[in-house]
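Novice: Here you go, one structure.
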Amino acid sequence: MSIVEGFAPYGEYQTWYRITGDLTSGKAPLIVAHGGPGCTHDYVDSFKDMASTGRAVIHYDQVGNGKSTHLPEKGGDFWTVDFFKAELHNLIDHLGIRGGYCLLGQSWGGMLGAEFSVDQPEGLKALVIANSPASLKTWVAEANRLREALPPEVQATLLKHEEAGTTDSAEYVEASDVFNQRHVCRIVPMPPEVQRTFDAIAADPTVYHTMNGPNEFHVIGTMKDWTIEGRLSSINVPTLLISGHFDEATKACVQPYADEIPDVRWHIFEHSSHMPHVEEREACMAVVQAFLDSKAA
């Protein structure tokens with residue numbers, strides 16, 4: 001299996017990418033957009049398994065993260081949906097795959113994928129939205145509902161530090177991990193590739209803190225009012241939704257995609273939370289592969 005890494009110049013910045021498999025195999029390659037905003041490709045690395053079917057898989061680190069250009073001095077006016085949409089278009093053209101490609105976005109990556117797809121971009125054959133909310137107001141409401149089921153002492157710790165503005169404290173991080181182990185990744189300890197992403201966010205939280213906030217349920221960043229509800233009917237390619245039974249992206253979060261996208265199907269992984277591609281890796285790959293092979297051979 002061939003593996004090629006490189007950088008796509010994006011203005012004055014560099015987008016790191018990795019291609020697993022052969023772009024000229026005859027199957028439309030799959031681009032994988034990671035979450036966050038502010039994560040890295042590491043935790044969605046498992047999607048490279050798809051390359052064994054003859055479909056090349058393209059991972060990349062969005063600018064600000066991982067192996068791409070870091071810009072810790074940039075603020076909220078810089079880190080926008082449009083910036084990351086343009087970066088994705090730039091990568092597609094750099095790789096010369098405008099003639100046909102598939103897109104899978106996980107969490108924030110799925111939100112980005114939806115934003116990208118409502119524009120009906122040239123060459124898009126199929127879309128996978130994995131574990132993504134259609135509205136961050138719904139996401140926060142659902143996260144607070146899930147949070148209320150945490151042990152009382154954990155809830156108290158979270159609230160204490162949020163009110164004090166000390167969300168970077170070790171005690172707060174430890175309390176947040178209780179939520180994460182229920183609704184983000186139920187494999188404890190986290191697999192190494194997932195831990196690498198969390199370590200990368202901790203090392204440079206610029207994008208995550210600016211656009212999201214300190215964690216998955218205290219969303220106070222620039223994206224807090226984001227929604228794509230009411231625009232999804234413009235997506236004109238076959239779309240697969242995936243989520244987990246214990247997912248922080250609850251059914252209420254995902255439902256608008258199912259309601260509004262014309263050609264859509266939804267698979268819920270019963271033993272997973274926010275990362276079926278890790279928690280039920282083989283089953284997740286099989287579902288995505290079957291969908292892509294039927295819609296974008």
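Novice: Of Glu12, Glu270, which has the most accessible area with a 1.4 Å probe, and how do the rest follow in descending order? Please list the in-between numbers first.
Specialist: Working: Glu12 155, Glu270 100 Å².
My answer, sorted largest first, is Glu12, Glu270.
Novice: Follow-up. Determine, from the Cβ-Cβ distance of Ser234 and Glu148 and an R0 of 25 Å, the FRET efficiency 1/(1 + (r/R0)^6), rounded to the nearest 0.05.
Specialist: Computed FRET efficiency for Ser234 and Glu148: 0.10.
Novice: Can you give me the relative contact order of the chain as a percent, contacts being Cα pairs under 8 Å and 6 or more apart? Can you show the working numbers first?
Specialist: Details: 592 pairs, mean separation 62.1, N = 297.
Reported relative contact order: 21 percent.
Novice: Please report the accessible area of Cys253 (heavy atoms, 1.4 Å probe, ligands and nucleic acids excluded) in Å², nearest 10.
Specialist: 0
Novice: Over segment 178-297, what relative contact order in percent results from Cα pairs under 8 Å that are six or more residues apart?
Specialist: Relative contact order for segment 178-297 comes out at 26 percent.
Novice: Give the ranking of Ser294, Ser68 by solvent-accessible surface, highest area first, calculated with a 1.4 Å probe.
Specialist: Accessible-area ranking of Ser294, Ser68, largest first: Ser294, Ser68.
Novice: Between Leu71 and Ile268, what is 0.36 nm times their sequence separation minus the Cα-Cα distance? Round to one decimal in nm.
Specialist: This chain segment gains 67.3 nm when fully extended.
Novice: Taking a threshold of 27 Å on the Cα-Cα distance, which of the pairs Lys85/Lys137; Lys137/Lys295; Lys160/Lys251 fall above it?
Specialist: Lys137/Lys295; Lys160/Lys251
Novice: Using the crude model of +1 on Lys and Arg Cβ and -1 on Asp and Glu Cβ, and no other charge, please compute the dipole size for the chain relative to its Cα centre, in debye to 20. Before the final figure, lay out each step's value.
Specialist: Numbers: 22 positive and 40 negative charges, 149 e Å.
So the dipole magnitude of the chain works out to roughly 720 debye.
Novice: Given Ser243, Pro37, Thr227, which one lies farthest toward the positive end of the charge dipole of the chain, if we put +1 on the Cβ of every Lys and Arg and -1 on the Cβ of every Asp and Glu?
Specialist: Ser243
Novice: Give me the net charge for the shell around Glu193: Cβ to Cβ below 15 angstrom, other residues only, Lys and Arg +1, Asp and Glu -1. Please list the in-between numbers first.
Specialist: Numbers: positive: Arg18, Lys48, Lys67, Arg196, Arg281; negative: Asp42, Asp45, Asp49, Asp61, Asp199, Glu279.
Result for the local shell: -1.
Novice: Same structure again: Heavy atoms only, 1.4 Å probe, whole protein assembly: order Glu153, Glu216 by accessible area, highest first.
Specialist: These residues rank, largest area first, as Glu153, Glu216.
Novice: Can you tally the net charge around Ser243? Count Lys and Arg as +1, Asp and Glu as -1, for every other residue whose Cβ sits under 13 Å from the Cβ of Ser243.
Specialist: Spelling it out: positives minus negatives among the neighbours equals -4.
Novice: Of Pro72, Ser107, Ile97, whose Cα points farthest to the positive end of the dipole of the chain (charges on the beta-carbon: +1 Lys, Arg; -1 Asp, Glu; origin at the Cα centre)?
Specialist: Ile97
Novice: Let me ask something else. At 7 Å along Cα-to-Cβ for each site, give me the label-to-label distance between His89 and Ala170 in nm.
Specialist: Spacing of the two 7 Å Cα→Cβ label points: 4.7 nm.
Novice: Computed from the mean reciprocal separation of all distinct C-alpha pairs, what Kirkwood hydrodynamic radius does the chain have, in Å?
Specialist: When all Cα pairs of the chain are included, the Kirkwood radius is 19.1 Å.
Novice: Place a point 7 Å from Cα of Thr227 in the direction of its Cβ. Which residues in segment 98-142 have their backbone N less than 11 Å from it?
Specialist: 134-139
Novice: Accessible surface of His245 in the full protein assembly, 1.4 angstrom probe, to the nearest 10 Å²?
Specialist: 100
Novice: Taking the Cα centre of segment 60-127 as origin, work out the dipole magnitude from +1 charges on Lys and Arg Cβ and -1 charges on Asp and Glu Cβ, in debye rounded to 20.
Specialist: Dipole about the Cα centre, nearest 20: 240 debye.
Novice: With unit charges on the beta carbons (Lys and Arg positive, Asp and Glu negative) and the dipole taken about the Cα centre of the chain, which residue among Phe116, Val288, Asn180 sits farthest to the positive side?
Specialist: The listed residue farthest towards the positive side: Val288.
Novice: Continuing with this model, one more query. At 1.4 Å probe radius, can you tell me the per residue accessible area of the chain in Å²? Walk me through the intermediate numbers first.
Specialist: Working: 11620 Å² over 297 residues.
Accessible surface, normalised per residue, equals 39 Å².
Novice: Follow-up. Could you report the accessible area of Trp139 in Å², rounded to 10, computed with a 1.4 Å probe on the protein chains as they sit in the structure?
Specialist: 10
Novice: Using the Karplus curve 6.51 cos²θ - 1.76 cosθ + 1.60 with θ = phi - 60°, what ³J(HN,Hα) values do you get for each residue of segment 166-173, in whole Hz, with x for Gly and Pro?
Specialist: 10, 6, 8, 6, 4, 5, 5, 4
The values are calculated or read from the model by the stated rules, or taken from the named source; none is laboratory data. Computed from a predicted model, the values in this text were never measured in an experiment. Note: ideal-geometry Cβ built from the backbone for every residue, glycine included; neighbour counts use all protein chains shown. Accessible surface areas use protein heavy atoms only, side chains included; no ligands, DNA or RNA. Shrake-Rupley method; radii C 1.70, N 1.55, O 1.52, S 1.80 Å.
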